[in-house]
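Have a look at the structure below before the remarks.
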Amino acid sequence: MIEFIAQNMAPIMFASLIIFLLIGYPVAFSLAANGLLFFFIGVLVSPYSGGSINLAWPLLHALPDNFYGTRVMSNDTLLAIPFFTFMGIVLERSGMAEDLLDTIGQLFGPIRGGLAYAVIFVGALLAATTGVVAASVIAMGLISLPIMLRYGYDRRVASGVIAASGTLAQIIPPSLVLIVLADQLGRSVGDMYAGALIPGIVLTGIYMLYILIMSIVRPNSMPALPLEARTLGRGVLSLIVALLATGAISYGAYRYLAPTQGDNADILGFAVGVIVIYVAAIVDQRLRINMMSKLAQQVVIVLIPPLALIFLVLGTIFLGIATPTEGGAMGSVGALIMAAAKGRLSLDVVKQALASTTRLSSFVLFILIGARVFSLTFYGVNGHIWVEHLLTSLPGGETGFLIGVNILVFLLAFFLDFFELAFIIVPLLAPAADKLGIDLIWFGVLLGVNMQTSFMHPPFGFALFYLRSVAARVPYLDRITGKQIAPVSTGQIYWGAVPFVCIQVIMIGLTIAFPQMVMRYKGAGVEPSTIDLKLPDMPSLSPLGTPPANNGAAPANGGAPAAPGTPDLSQPPSFGDAPAKPAAPAPDLSQPPKFN
């Protein structure tokens, strides 16, 4: 029995960790306690393991180095997490989400499903500025859900689109989960961001496609806003004219700056166009010139600051100007400036943002410390080799591995959130993926899309919990229409999330089928057959000791004869004629030799 336990320590240890987590113990303490318990057991039974357990008491001395080394306390990559968290919370407190939802809702309001389109669009913008799921879901649940219920939206559609749009913060940079995945996979955060950008945009487009289909199949489930609710009036044509003017100004600035700025002229020209139209909209609104419609003014004034913040954070990272940590720091400063410009920056807002940031950062840090204790023991019992053999032996090679891993992560996401999956499961999967030749950035983005479902899995999806906390539980009177609005049940929230979970499963398949969506982070590849190397003409050289290749003939390729005095490199070097020596007399062999 002891021999069986000793030789199967790795699967027993992994199964016991899952049991601890399912019972409900805190993740960080489950990891640490499991690691220390099986370290003690492993040292005792190691003589019976046949060499499969490599644990000894002095190995515990490595824990302080693990805690204070580059994996935890000195990890510069993880420093980006508190910056992006602080930025997202400040932006959520600044009322940016409220302004965006109101303005974009008015813009899309005249069409069926307009509010749903607005929620998805704003969810993508919030994802690209905050990177925090809780902030996005709660903000949109508080602002959009009452409006959608007021104007007759189906409760399942409304709750599902809000929960799903909030989880876009998981895959659209600057996502916190992408930072953690990059750290666990040992890859650049910038590369992970670049690889996840297109899949995030595609997923947003599929969400909108689903709303379009639903608006055709079930038009009564998402009606258009009535005319009296469109407080900003009409003015789409004015907005189109403003966009065209921005394009013309940007192109003129580009042509002017191209001779002096080179490759940066296009970005600078676009920045000039955006600044000009933004200033024009503010002046038009303040002075009431009415050069632009009220709708166009509001769209320009509300949209440009978050787009500028997105460029400040992601643009500088993608252009190589700043690291993700530096980009997060600049984004935090930008969020404070935006909140101050709206008059919503106060000491209480900063205190709340700092408290939430400290709480989340401590949560991540404790999980990471527990994961280091667990991995010390798990590697000591050769658990990584067991997992690698288990996964690489799956039928189907690389495709079978990807399918099996995604099914495993999808099922575990019912019980674990993305931080737990990233710190516990990903370090076990990465060596097997690397051994199969899978690009780890692509693998990380694929897991990120999969982990996104952990926020919408009934019954433990955190996005569903966030929405449940702000959705009405009892009937209430609407303050605008005066009508009684029925509450949103938990079952309606769960059923509303199911179609979007299916969409994310489809997105996983698309990411596997079209890896170039992610692999574009490497840039354009170079075809070796198109490389043309041109070398200067050089005289042909023959091996030493052999006559010249042309045997005195005219030089090849129409070249001129060698100039007089040119050395013949095909012959050994000559150092001039040596002086002649007198011939020695022939010896007289008929006489005996003389030795005097």
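Note the direction-averaged projected area, equal to a quarter of the hull surface, for the Cα convex hull of region 31-82, in nm².
On the way: hull surface 18.7 nm².
The number I arrive at for region 31-82 is 4.7 nm².
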| Say a site is exposed when it is one of the trypsin sites (Lys or Arg not before Pro), sits in a DSSP loop, and has at most 14 other Cβ atoms within 10 Å; what is then the longest site-free stretch of the chain? | 1-233
| note | To the nearest 10 degrees, the tilt of helix 114-129 (Cα long axis) against the first principal axis of the alpha carbons of the chain is 40 degrees
| said: Using the Cα centre of the chain as the reference point, and only Cβ charges (+1 on K/R, -1 on D/E), how large is the resulting charge dipole? Debye, rounded to the nearest 20. | reply: 2100 debye
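Summing Lys, Arg as +1 and Asp, Glu as -1, what charge do residues with Cβ under 15 Å from the Cβ of residue 129 carry, residue 129 excluded?
Values: positive: 93, 342; negative: 92, 98, 99.
It works out to a net charge of -1.
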| task | Excluding residue 436 itself, calculate the net charge of residues whose Cβ lies under 11 Å from the Cβ of residue 436, where each Lys or Arg counts +1 and each Asp or Glu counts -1. | result | -3
| query | Taking all pairs of different Cα atoms in region 164-286, averaging 1/r and flipping that mean, what Kirkwood radius in angstroms comes out? | reply | 18.7 Å
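What share of Cα pairs, in percent, lie more than 16 angstrom apart in region 385-507?
Working: 4987 of 7503 pairs.
When every Cα pair of region 385-507 is considered, 66 percent fall beyond 16 Å.
Label region 238-356 by shape, choosing from rounded, prolate and oblate, from the square roots a ≥ b ≥ c of the eigenvalues of the Cα gyration tensor; if a/c is under 1.5 it is rounded, and otherwise prolate applies when a/b is larger than b/c, oblate when it is not.
Numbers: a/c = 3.02, a/b = 1.18, b/c = 2.57.
Oblate, because a/c is 1.5 or more while a/b does not exceed b/c.
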| request: Work from the charge dipole of the chain (Cβ charges, +1 for Lys and Arg, -1 for Asp and Glu, about the Cα centre) and give the residue of 157, 336, 411 farthest towards its positive end. | output: 157
| query | Using the Cβ atoms and a cut-off under 14 Å, what net charge is assigned to the surroundings of residue 214, where Lys and Arg are +1 and Asp and Glu are -1? | reply | +3
| query | Could you state the per residue volume, in Å³, of the convex hull enclosing the Cα atoms of region 307-395? | reply | 171 Å³
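If you place +1 on the Cβ of every Lys and Arg, -1 on the Cβ of every Asp and Glu, and leave all else neutral, what size is the dipole of region 389-482 about its Cα centre, to the nearest 20 Debye?
Values: 4 positive and 6 negative charges, 78 e Å.
Roughly 380 debye, rounded to the nearest 20.
Using a/c under 1.5 as the rounded threshold, could you call region 343-414 rounded, prolate or oblate? The axes a ≥ b ≥ c are square roots of the C-alpha gyration tensor eigenvalues, and prolate needs a/b larger than b/c, oblate otherwise. Before the final figure, lay out the partial values.
Values: a/c = 5.31, a/b = 2.11, b/c = 2.52.
Cα axes put region 343-414 in the oblate bin.
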| task | Please give the helix 426-435 orientation as an angle from the longest Cα principal axis of the chain, in degrees from 0 to 90, rounded to the nearest 10. | result | 40 degrees
| When only C-alpha pairs under 8 Å and at least 6 residues apart count, what is the relative contact order of the chain, in percent? | 21 percent
| query | Once the piece of chain linking residue 212 and residue 111 is laid out straight, how much longer is it, given 0.36 nm per residue of separation minus the C-alpha distance between them? | reply | 35.3 nm
| In a solvent-free Debye calculation with one equal scatterer on each Cα, what is log10 I(q)/I(0) for region 411-476 at q = 0.15, 0.19, 0.20 Å⁻¹, listed in the order of the q values? | -0.56, -0.75, -0.80
| said: Once each part is reduced to its C-alpha centroid, what is the distance from region 442-519 to region 133-168 in angstrom? | reply: 9 Å
| query | What nm value, rounded to one decimal, do you get for the distance between residue 354 and residue 483 when each label is placed 7 Å out toward the C-beta? | reply | 4.7 nm
| task | Just grab the label-to-label distance for residue 229 and residue 301, each label 7 Å out from Cα along the Cβ direction, in nm (one decimal). | result | 2.4 nm
| said: Just to confirm the number: angle between the C-alpha axis of helix 176-185 and the first principal axis of the chain, 0 to 90 degrees, nearest 10? | reply: 30 degrees
| field | Relative contact order (%) - criterion: Cα under 8 Å, at least six apart; region: region 29-177 | value | 21 percent
| query | Extent of the chain along each principal axis, from alpha carbon coordinates, in Å, largest to smallest? | reply | 147, 80, 49
| query | Along the charge dipole of the chain, Cβ charges K/R +1 and D/E -1, which of 350, 142, 380 sits furthest on the positive end? | reply | 142
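How much FRET efficiency would the formula 1/(1 + (r/R0)^6) give for residue 291 and residue 236, where r is the Cβ-Cβ distance and R0 is 22 Å, rounded to 0.05? Numbers along the way, then the final one.
Working: r = 16 Å, r/R0 = 0.72.
Rounded to the nearest 0.05, the efficiency is 0.85.
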| field | Largest-first ellipsoid semi-axes for region 14-110, taking √(5λ) over the Cα gyration tensor eigenvalues, angstrom | value | 48, 19, 10
| request: Using only protein heavy atoms and a 1.4 Å probe, report how much of residue 419 is accessible, in Å² to the nearest 10. | output: 10 Å²
| query | Long-range amide H contacts for residue 476: which residues qualify at under 5 Å (H placed 1.01 Å from N, peptide plane, sequence gap of 5 or more or a different chain)? | reply | 485
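The values are calculated or read from the model by the stated rules, or taken from the named source; none is laboratory data. Note that this is a predicted model, so its numbers are computed, not measured. Quick reminder, even Gly has a Cβ in these numbers, built from the backbone with ideal geometry, and neighbours come from all protein chains shown. The area values use the complete protein model at the heavy-atom level, side chains included, leaving out ligands, DNA and RNA. Shrake-Rupley method; radii C 1.70, N 1.55, O 1.52, S 1.80 Å.
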